[in-house]
1. In whole angstrom, note down how far apart the Cα centers of region 104-119 and region 16-49 are.
2. Pairing the Cα long axis of helix 118-130 with the longest principal axis of the chain, what angle in degrees results, from 0 to 90 and rounded to the nearest 10?
3. Between rounded, prolate and oblate, where does region 1-137 land on the alpha carbon gyration tensor, with a ≥ b ≥ c its root eigenvalues, rounded for a/c under 1.5, else prolate if a/b exceeds b/c?
4. Would you list the P(r) distribution for the chain, with all Cα-Cα distances sorted into 10 Å bins from 0 and each bin expressed as a whole %?
5. For every helix of n ≥ 4 consecutive DSSP H residues, a contribution of -39,500 (n - 2.57) applies; sum these over the chain, divide by its total residues, and give [θ] at 222 nm rounded to the nearest 500 deg cm²/dmol.
6. Students often get this wrong: which residues of region 172-197 have the backbone nitrogen under 15 Å from the point 7 angstrom along Cα-to-C-beta of residue 130?
7. In whole Å, largest first, what are the principal axis extents of the Cα atoms in region 7-64?
8. Provide the FRET efficiency to the nearest 0.05 for the residue 6-residue 159 pair, computing r from the beta carbons and using R0 = 22 Å.
């Protein structure tokens with residue numbers, strides 16, 4: 001069996017930033033780490049507001065200062081969280097302040113092209129599988145939409161009792177290029193579970209969003225500089 005590494009964890013601290021940005025002494029570290037987990041779980045799995053699950057939350061970034069906790073949401077459909085005249089945002093901010101016990105500064109960023117984000121694609125596939133859609137057709141449609149959105153490559157892998165089969169198996173489809181070991185490649189990864197009557201189906205998605213801008217420019221210069229110069233052909237008479 002091949003050894004798989006999470007592409008986001010593989011690039012965090014090198015090409016990507018951390019999703020939680022704060023410093024704490026050793027005694028307070030575990031408490032604040034658990035607090036981050038509670039914040040993310042409260043937003044994504046809030047029983048009082050089921051519309052948050054359909055909002056398309058890609059990631060939640062948390063930054064702590066001495067006075068407040070800054071929470072930034074990257075959402076595909078921000079209208080479901082903002083609500084009419086921003087009432088839902090104010091209520092969510094108050095709920096987070098009660099959960100954390102300190103002042104919370106909440107910001108929402110809209111995602112322009114959600115089909116280029118692996119977590120949103122995985123959640124969309126899982127939602128269709130839970131509605132008993134054909135898994136092969138669902139995978140093919142997701143790959144086509146992602147490639148049309150401008151992705152360089154995509155891989156979708158499903159694991160579980162696919163199609164209600166008695167034995168669990170693994171199915172995957174790949175399109176385009178997917179250099180997982182190249183650090184300067186912008187690889188996004190997402191995972192979701194689809195609940196079905198036969199059991200849960202795991203959905204994994206890898207998306208190649210291209211190269212990081214600085215490395216792409218430097219790479220083009222390096223290729224031009226290292227191009228082999230062939231000697232001019234001389235004709236002897």
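Only the coordinates and a few stated rules stand behind these numbers; no lab work does. Because the structure is predicted, anything quoted here is derived from the model rather than measured. Neighbour counts are summed over all protein chains in view; Cβ atoms, including those assigned to glycine, are modelled from backbone coordinates with ideal geometry.
1. With region 104-119 and region 16-49 each reduced to a Cα centre, they are spaced 18 Å.
2. 60
3. oblate
4. Per 10 Å bin, starting at zero, the Cα-Cα P(r) for the chain comes out as 7, 25, 28, 23, 10, 3, 2, 1, 0, 0 percent.
5. -10500 deg cm²/dmol
6. Hits in region 172-197 for residue 130 at 15 Å: 191-197.
7. Projected onto the principal axes, the Cα atoms of region 7-64 cover 35, 29, 16 Å.
8. So, using R0 = 22 Å, E works out to roughly 0.90.
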